[in-house]
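Structure, as structure tokens:
The values are calculated or read from the model by the stated rules, or taken from the named source; none is laboratory data. Keep in mind that what you see is a predicted model, and the values were worked out from it rather than measured. Cβ: placed from backbone, ideal geometry, glycine included. Neighbour counts: every protein chain shown.
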Amino acid sequence: MAKYLFGVDIGGTTVKIGFFTVEGVLEDKWEITTRVDEGGKYILGDIAESIEKKLADINVDKSEVVGIGMGVPGPVKEDGTVLRCVNLGWGVFNVADELSKITGLPVKAGNDANMAALGEMWQGGGKGYKNIVMVTLGTGVGGGIILGGKMLSGVNGAGGEIGHIQVNEDETEICGCGRKGCLEQYTSATGIVRSANIALNNTDRPSSLRNVQYVSAKEVFDAAKNGDDLAMELVENHGKCLGKALAQIACVVDPEVFVIGGGVSKAGNVIIETTSKYFQENAFHACKKTEFKLATLGNDAGMYGGACAVLNA
């Protein structure tokens, strides 16, 4: 009986690979370089080679492996077709079929943020729930929606693109997606720094942030925790923006829990407190008691999600 799974998380710099038991225990993990040259044509071959080597090293036969689950930084359709992946140089092709051909193993592919959400549901902050929305606050804002234990990919693989909900129609600066006023522009680490610099440049208010050479999201949250008025206002505005946006999402998918992850979530409970406060103020009455949790798997969430996706296939 098959006992093992591989979870793969493809990033622009490295590919993270995890070797799991079907019970969800991470037995081993490692990274290989993401070779994006020549349109990323070596990436899948490198992954296959690394997996074959691992199986040989630990003397496990392929018949003992259920399959490979893979998170990709771009839109992925339900059938495993990638719809352009700029960071990797990929165009449109079925990435799941391709890796399956090379390895001889079943492959399930999905968007990396959706996979991270699946991982948090399986063994992380969302464990015990089957309907979760994960929000990843990093350089950008990612999202993943799990309903009934399954990823919501959408027709074009764009399900869960929470960061690109428009929250400010008066914005003049352009988001990375080419539009203006996206949630990502205010609640990502980059957005927090942007808001802080605008506040520091446009007011004379005293703040410990004026003593910092390069303001970061961490500096803003640390200053707020130390009672800095300006930083506290920035954190409050962050929670307000995110909480209101999640209240709109709850009207559509009505999850059991929101799981907040990404680098910004390391600020801890202050994120949960401010976001849930404004969520409750703005949520439809039936959704007001939706829970909020911090993600717990960190950078391993995508690998866990990949492994879980194979079980759920």
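List the pairs whose first member sits in segment 241-265 and is assigned by TED's automatic domain parsing to the domain that holds residue 287 and under 18 Å from residue 166 (Cα atoms), whose second member is aromatic (Phe, Trp, Tyr) and modelled with pLDDT of 95 or more, and whose Cβ atoms are under 6 Å apart, counting only residues at least 6 apart or on separate chains?
241/186; 243/278; 243/279; 244/278; 246/258; 246/279; 247/279; 251/284
Can you tell which of 208, 216 is more than 23 Å from residue 260 (Cβ to Cβ), in contact (Cβ under 8 Å) with a residue 12 or more places away in the chain and assigned by TED's automatic domain parsing to the domain that holds residue 264?
Criteria check complete, one pass: 208.
Yes/no matrix, rows are residues, columns are (1) of a type in the set (Gly, Ala, Ser); (2) under 29 Å from residue 162 (Cα atoms); (3) assigned to a loop (DSSP other than H, G, I, E, B); (4) in contact (Cβ under 8 Å) with a residue 60 or more places away in the chain:
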site: 190; (1), (2), (3), (4): no, yes, no, no
site: 194; (1), (2), (3), (4): no, yes, no, no
site: 199; (1), (2), (3), (4): yes, yes, no, no
site: 204; (1), (2), (3), (4): no, no, yes, no
site: 220; (1), (2), (3), (4): no, yes, no, no
site: 227; (1), (2), (3), (4): yes, no, yes, no
site: 232; (1), (2), (3), (4): no, yes, no, no
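Restricting segment 171-186 to residues that are touching a residue at least 24 places away in the same chain (Cβ under 8 Å) and assigned to a loop (DSSP other than H, G, I, E, B), which is farthest from residue 116 (Cα to Cα)?
Among residues in segment 171-186 that are touching a residue at least 24 places away in the same chain (Cβ under 8 Å) and assigned to a loop (DSSP other than H, G, I, E, B), the one farthest from residue 116 (Cα to Cα) is 176.
Which one of these does residue 289 not meet: (1) part of a loop (DSSP other than H, G, I, E, B); (2) not assigned by TED's automatic domain parsing to the domain that holds residue 216?
Just one mismatch for residue 289, condition (2).
Of the numbered conditions (1) out of contact with any strand residue (DSSP E or B) (no Cβ under 6 Å at 6 or more places or on another chain); (2) of a type outside the set (Lys, Arg); (3) at pLDDT below 95, residue 262 satisfies every one except a single condition; which is it?
(1)
Condition check ((1) aromatic (Phe, Trp, Tyr); (2) free of Cβ contacts under 8 Å to residues at least 40 places away in the same chain) across all residues:
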{"position": "79", "(1), (2)": "no, yes"}
{"position": "83", "(1), (2)": "no, no"}
{"position": "90", "(1), (2)": "yes, no"}
{"position": "135", "(1), (2)": "no, no"}
{"position": "147", "(1), (2)": "no, no"}
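Residue 73 versus (1) modelled with pLDDT of 95 or more; (2) within 30 Å of residue 155 (Cβ to Cβ): which is the lone unmet condition?
Single failed check for residue 73: (1).
Just to verify a result, which residue in segment 278-313, among those that are closer than 18 Å to residue 109 by Cβ and aliphatic (A, V, I, L, M), is surrounded by the most Cβ atoms within 10 Å (Cβ to Cβ)?
My answer is 301.
Pick from 27, 31: which is among the acidic types (Asp, Glu), touching a Phe, Trp or Tyr at 6+ places or on another chain (Cβ under 7 Å) and not in a helix (DSSP H, G or I)?
Only one candidate passes the filter, namely 27.
Would you please name the residue that is surrounded by the fewest Cβ atoms within 10 Å (Cβ to Cβ), looking only at residues in segment 155-197 that are within 14 Å of the chain's Cα centre (by Cα) and more than 25 Å from residue 214 (Cα to Cα)?
Ranking the qualifying residues of segment 155-197, first place goes to 158.
Among (1) under 15 Å from the mean Cα position of the chain (by Cα); (2) farther than 27 Å from residue 69 by Cβ; (3) among the hydroxyl-bearing types (Ser, Thr, Tyr), where does residue 304 come up short?
Tallying (1) under 15 Å from the mean Cα position of the chain (by Cα); (2) farther than 27 Å from residue 69 by Cβ; (3) among the hydroxyl-bearing types (Ser, Thr, Tyr), residue 304 fails exactly one: (2).
So which of 256, 233 is of a type in the set (Asp, Glu) and closer than 30 Å to residue 66 by Cβ?
Just a single option satisfies the conditions, and that option is 256.
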